[in-house]
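Following: one structure in structure tokens, then a few remarks.
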Amino acid sequence: MTRILVAHAPAAQKRAALVIEALAALGYRIEAAPVTALAPHKRRKLEGAVAQAGAVVVLWSKHAAEAPALRATADRARAAGKLALARLDAAAPPLGLSAFDLSRWGGYRDAKAWKRLLAALPKAPAAHAGAVRERGQAAAAGAGANAKKKGGALAWLALVVMLLAAAGAGAYFAWSAGLIG
């Protein structure tokens, strides 16, 4: 099972949880690491986690920019060839690094930014990317769109039935009045 270290600022925990959940659903083994200023023993532990991980996803945000330890984690992962940097907001990534833009990502498995991030990671153990949860809003929007399509088709069907009934009634009255034979 591929191990992914997800490093982020503690203030970005909510957004990080969405990424962590989506990666775990794909079959990755996740080690989450909210990174702040680290004591030497915690720094060694984090360095070991970077060394053992198949990839390191660093979630960059305005709060991450204020955490030198997170920048150091990104640098160490880049040096090891394991870095996948993703932006969670409008904060610019560290100088010299590019980042996948997840600032507007809401958990959708077919979002371009999400697919780009996944392409930078080792292959997921899950056979398909459909394991990422469907968002309730997307499902509701899809159901609403289908209802509108069905409603539109039913309206046209009702209109056709009414026109045929009117034509039939007109023909019957014309026949009964002797206007047509």
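Is at least one residue of region 96-105 under 12 Å from residue 12 (Cα atoms) and either among the charged types (D, E, K, R) or in the same structural domain as residue 33 (by TED's automatic domain parsing) (or both)?
Yes, region 96-105 has at least one match.
Write out, first by first residue and then by second, each pair whose Cβ atoms fall under 8 Å of each other, whose residues are 6+ apart or on separate chains, and whose first residue, in region 45-62, is over 20 Å from residue 115 (Cα atoms) and free of Cβ contacts under 8 Å to residues at least 60 places away in the same chain while the second is outside any strand (DSSP E or B) and β-branched (Val, Ile, Thr).
Listed pairs, sorted by first residue: 46/35; 46/73; 50/73.
Specify which of the listed residues (96, 27, 48) is at positive phi, modelled with pLDDT under 90 and among the small types (Gly, Ala, Ser).
Result: 96 is the single residue among 96, 27, 48 that is at positive phi, modelled with pLDDT under 90 and among the small types (Gly, Ala, Ser).
Test residue 30 against the stated conditions and say whether it is out of contact with any Phe, Trp or Tyr (no Cβ under 6 Å at 6 or more places or on another chain), of a type outside the set (Asp, Glu) and assigned to a strand (DSSP E or B).
yes
Which of the residues spanning region 63-92 are under 20 Å from the mean Cα position of the chain (by Cα) and either under 20 Å from residue 115 (Cα atoms) or not assigned by TED's automatic domain parsing to the domain that holds residue 36 (or both)?
83, 84, 85, 86, 87, 88, 89, 90, listed by residue number.
Can you tell me which residue is nearest to residue 102 (Cα to Cα) among those in region 33-65 that are small (Gly, Ala, Ser) and part of a helix (DSSP H, G or I)?
Taking the candidates together, the pick is 64.
Could you tell me whether residue 116 is modelled with pLDDT under 90, surrounded by 13 or more Cβ atoms within 10 Å (Cβ to Cβ) and either in a helix (DSSP H, G or I) or not polar (S, T, N, Q) (or both)?
no
Failed condition for residue 108, given (1) within 17 Å of residue 8 (Cα to Cα); (2) at pLDDT below 90; (3) surrounded by 12 or more Cβ atoms within 10 Å (Cβ to Cβ), with all others met?
(1)
The values are calculated or read from the model by the stated rules, or taken from the named source; none is laboratory data. In this text, all values refer to a predicted model and were calculated from it rather than measured experimentally. So basically every Cβ, Gly included, is an ideal-geometry build from the backbone, and we count neighbours across all protein chains shown.
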